[in-house]
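Data first, discussion second: the structure below is written as structure tokens.
The values are calculated or read from the model by the stated rules, or taken from the named source; none is laboratory data. Every value quoted in this text rests on a predicted model; they were computed, and no experiment measured them. Ideal geometry is used to build each Cβ from the backbone, glycine not excepted, and the neighbour counts take in all protein chains shown. Accessible surface areas use protein heavy atoms only, side chains included; no ligands, DNA or RNA. Shrake-Rupley method; radii C 1.70, N 1.55, O 1.52, S 1.80 Å.
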Amino acid sequence: MVKNNANSGEVEIDLLQLFRALWKNALVIILVAILFGGIAFGGTYMFISPKYEASAMMYVNNSSVTLGSTSVSITSGELSAAQTLVSTYIVILKSRTTLDEVIQESGVPYTVEEVEKMVNASAVSGTGIFRVTVESGSPTEAELLANTIARVLPDRISDIMDGSSVRVVDYAIVPAHRSGPSYTKNTAIGVLAGVVLVAGIICLREILTTGEDVIIHTTDDLAELFADIPVLAVVPDMRSTSKKGYYSAYNSYYGSDKKEAK
């Protein structure tokens, strides 16, 4: 509930009253949350295609590296030096020439730009190893592209950087499980959206019910507004068909059908 302070012009929000309003409508909130969660799950299942990831791992192996006119001596045991080259190798992997060769050898019906979006490479922290991951809607296609890159990339790096080589640590295998989308995550987001939406509507309705514009729905509302004044009587709805006894007889006699018959 919101109270207007006429002296200061400020508006006070009764948080306890908002909590009570939310508690009274807990069932509605739960039902809407379940509905939104079901919609999110169904939408994910029906409209979002599953994705699969296959990864190959490669190790940076160097003796000496020559970049243009600059020569850098690096032993195979210098792990930190290998780590610095990983980012360079990733750039070579993402180059148009490398990806075009991967497309030609694998025979996939994609453009260079499309394959670039499917491929992701990252360094394994604290090592001279980097992982190449391919995401595709087909598990066999993801494995094919990842292993094609593992075969093509070492030769490309050797051609560009003298004295440098890459060795395959692990070839990719056909993924047995999808990498996305997450049904659990999307369903949870749908449930949360339903809770937030309904709770927001309930709180907004309570906030807009201010001062003289308070809407009375039940005797509980009267008791909350006027705690020191007891409720003496309640005027029943004579037209309600759910009333029993006297009220039911009154409605059946004075109802619209009887009245028209007279």
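Results, tabulated for the structure shown:
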| quantity | calculated |
| --- | --- |
| Cα convex hull of the range 134-177 - mean projected area over all directions, nm² | 3.3 |
| Amide H within-cut-off set for Lys51, under 5 Å, with H built and near neighbours excluded | Ser179, Gly180 |
| Cβ-Cβ FRET estimate between Thr111 and Ile39, R0 fixed at 35 Å, reported to 0.05 | 0.50 |
| Whole-number accessible area per residue in Å² for the range 106-172, which is evaluated in the context of all protein chains at 1.4 Å | 46 |
